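Student: Dumping the structure here so I can ask a few things about it.
The values are calculated or read from the model by the stated rules, or taken from the named source; none is laboratory data. All figures in this text were calculated on a predicted structure; none of them were measured in a lab. Neighbour counts are summed over all protein chains in view; Cβ atoms, including those assigned to glycine, are modelled from backbone coordinates with ideal geometry.
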Amino acid sequence: MSRLSVRKTYKLFIGGAFPRSESGRSYVVTSAKGEFVANAARASRKDARDAVVAARKAFPGWSGATPYNRGQILYRVAEMLEGRRAQFAEELGGPKKAAAERVDAAVDRLVWYAGWSDKIASVRGAANPVAGPYFNLSTPEPTGVVAVVAPADPLLGLISVIAPVIVTGNTCVVVASENAPLPAITLAEVLATSDLPGGVVNLLTGHQSELAPWLAAHMDVNGLDLGGVEDADLALKCEQEAAENLKRVFRPASEDWSLDPGLSRMTRFLETKTVWHPVGI
Amino acid sequence: MTTSLADVAASATTLRAFLHGLPGVDRVGADQRAAMLGTRSIKTTAKAQAIDLAISMVDLTTLEGADTHGKVRAMCTKAMRPGGGAPRVAAVCVYPDLVAVAAETVKGSGVKVASVATAFPSGRSSLEVKVSDTALAVAAGADEIDMVIDRGAFLEGHYLKVFEEIVAVKAACGQAHLKVILETGELATYDNVRRASWLAMIAGADFIKTSTGKVAPAATLPVTLIMLEAVRDFRDATGRQVGVKPAGGIRTTKDAIKNLVLVNETAGADWLTPEWFRLGASSLLNDLLMQREKLATGRYAGPDYFTLD
């Protein structure tokens, strides 16, 4: 006797929970060959607003956690991801060997960034020489809530944009790739089970053009990564909206995710705090 | 009403008979009606109006042990000019010892000064202390007194004691308006909420208020619904209009608008003014201002651009 198939409902990931879109909408996700794969939630601007609220709420706890602790949690995410390699490889589709390699690269990328959590301050901070009886120390600080428009690469690209944002203590709202949103939601299941506090990463699936401008205009968002926006007009509009509250905007040229990522994505969403300490008192 | 309300409080027996003779509240019905009214969609221009109305109904409140003169002055300044062209709020609400500071700051602005009194929030003290607490606040310049009822006595069934306390405090208020806090979170049943509402109104309350804000649950929609029904029925019976003030737990614009819908659909448009309906809140004001900003600019506002409170 054949079993009834139990299909997964792909929902959003906001504040550690998996709600449907407030709007009740969904859209059809198709494979590269145009076949039906699943329905994904189509987030509205109100979902984006709720996600920003969740990210803001999570910010004090996450940015206040020790870098060591954040690193441990990112390792944990990598461990969880490792256990689901087969599932991700299947969801990515395409030739099996290539897909498996992409998943491995994603896990390795996460581990690489996790290692940076307690080292970035040594690289980006400084003990500045000053002419006076003071210690003068500069340390990198997270910038706040970062809105990320994820690139088309559904797993390695996604990990490569989320990990550098959160490892330094930011929280984020991510708009997943419009055409391949399913690995993002499966990644959300990984994040939800790896001690990552709810709200640190919020994942929205839906239309980029519907969500990105609202996030770019939102006064409670501090940074904006437009890496995944391919429409130049939309990117320009987002940049203009983001100027209203002087968000840190990152609009990289198209990237090859297999290369060494470097520090640029981490440092883009850091601010520098400099303090003077009197000596000998 | 068959009984004349003047005779109701003649003795403990008649008062009890009257309060227990009130029709019972259908709990499921009240919950469902409140939930149903909460789903009304208020958008665009109607929302803009509702937000401004809600702002003008706010009793901006600070009731912390850590309140300072500076904090009260800052709050009063915000009450007079919330910012962005928003209307001033209805009143500020403080502890009795800070009334003088608040009254001095808001003088001439039209913002009223309300003070909690009568051993707020528990109400556990003697009648003499409660009356002198009230007198202190009135002498310092309070326009409105928020008293708490003795919930212990009410739950024990000593309705006359509660009644006489309200009458005594009302006498001590003089010209000041009296708001009676029922603390519905401690009254256990909706029937008790209805009884306490009537008891307070018969005793001379100008306003009935849900909660102190110190007990959860505070102002839930069904409780506000029952109190609105009570003031409506009371006006039908006696011709005297009594105001309602839900307080505590109203934090978002959505909550505030749900309350306004409830007022319009239950008591009627007569109550939709700051004179007869108030929202006791502190953090609500910033959310209302943020929503106002969103409607004005078309972009979501952030708390960084509004004052801390």
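Student: Any idea how many residues of region A:121-170 are touching a strand residue (DSSP E or B) at 6+ places or on another chain (Cβ under 8 Å) and within 26 Å of A:G198 (Cα to Cα)?
Tutor: Count: 20.
Student: Next question. Can we say B:A256 is small (G, A, S), within 22 Å of A:M219 (Cβ to Cβ), touching a residue at least 40 places away in the same chain (Cβ under 8 Å) and in contact with an Asp or Glu (Cβ under 9 Å, 6 or more places away or on another chain)?
Tutor: yes
Student: Every residue in region B:79-132 that is within 16 Å of the chain's Cα centre (by Cα) and among the hydroxyl-bearing types (S, T, Y), please.
Tutor: B:Y95, B:S115, B:T118
Student: Is there a residue in region A:29-40 that is away from every other protein chain (no Cβ under 14 Å), closer than 30 Å to A:G223 by Cβ, under 18 Å from the mean Cα position of the chain (by Cα) and modelled with pLDDT of 95 or more?
Tutor: Checked against the condition, which is being away from every other protein chain (no Cβ under 14 Å), closer than 30 Å to A:G223 by Cβ, under 18 Å from the mean Cα position of the chain (by Cα) and modelled with pLDDT of 95 or more, region A:29-40 yields no hits at all.
Student: Which condition breaks for B:T297 when tested against (1) touching an Asp or Glu at 6+ places or on another chain (Cβ under 9 Å); (2) within 14 Å of another protein chain (Cβ to nearest Cβ); (3) crowded, with 18+ Cβ neighbours inside 10 Å; (4) not charged (D, E, K, R)?
Tutor: Failing condition for B:T297: (3).
Student: What number of residues within region B:251-294 satisfy the criterion of being within 18 Å of B:V58 (Cβ to Cβ) and away from chain A (no Cβ under 14 Å)?
Tutor: 25
Student: Can B:V242 be described as under 19 Å from B:M36 (Cα atoms), surrounded by 22 or more Cβ atoms within 10 Å (Cβ to Cβ) and β-branched (V, I, T)? Working first, answer last.
Tutor: Details: under 19 Å from B:M36 (Cα atoms): no; surrounded by 22 or more Cβ atoms within 10 Å (Cβ to Cβ): yes; β-branched (V, I, T): yes.
No; evaluated as a whole, the condition is false for this residue.
Student: Test each condition in (1) touching a helix residue (DSSP H, G or I) at 6+ places or on another chain (Cβ under 7 Å); (2) away from chain A (no Cβ under 14 Å); (3) basic (K, R) for B:K209 and report the one that comes out false.
Tutor: All conditions pass for B:K209, except number (1).
Student: Okay, moving on. Checking A:A243 against (1) without any contact (Cβ under 8 Å) to a residue 40 or more places away in the chain; (2) away from chain B (no Cβ under 14 Å); (3) among the aliphatic types (A, V, I, L, M), which test does it fail?
Tutor: (2)
Student: What's the number of the condition A:Y75 fails, among (1) surrounded by 14 or more Cβ atoms within 10 Å (Cβ to Cβ); (2) closer than 30 Å to A:A32 by Cα; (3) not polar (S, T, N, Q)?
Tutor: (2)
Student: Give me the residue from region B:256-294 that is surrounded by fewer than 22 Cβ atoms within 10 Å (Cβ to Cβ) and among the β-branched types (V, I, T) and, out of that set, farthest from B:I226 (Cα to Cα).
Tutor: B:T273
Student: Out of curiosity, is A:S63 among the polar types (S, T, N, Q), within 21 Å of A:L215 (Cβ to Cβ) and out of contact with any Pro (no Cβ under 7 Å at 6 or more places or on another chain)?
Tutor: Judged against the criteria, A:S63 is not a match.
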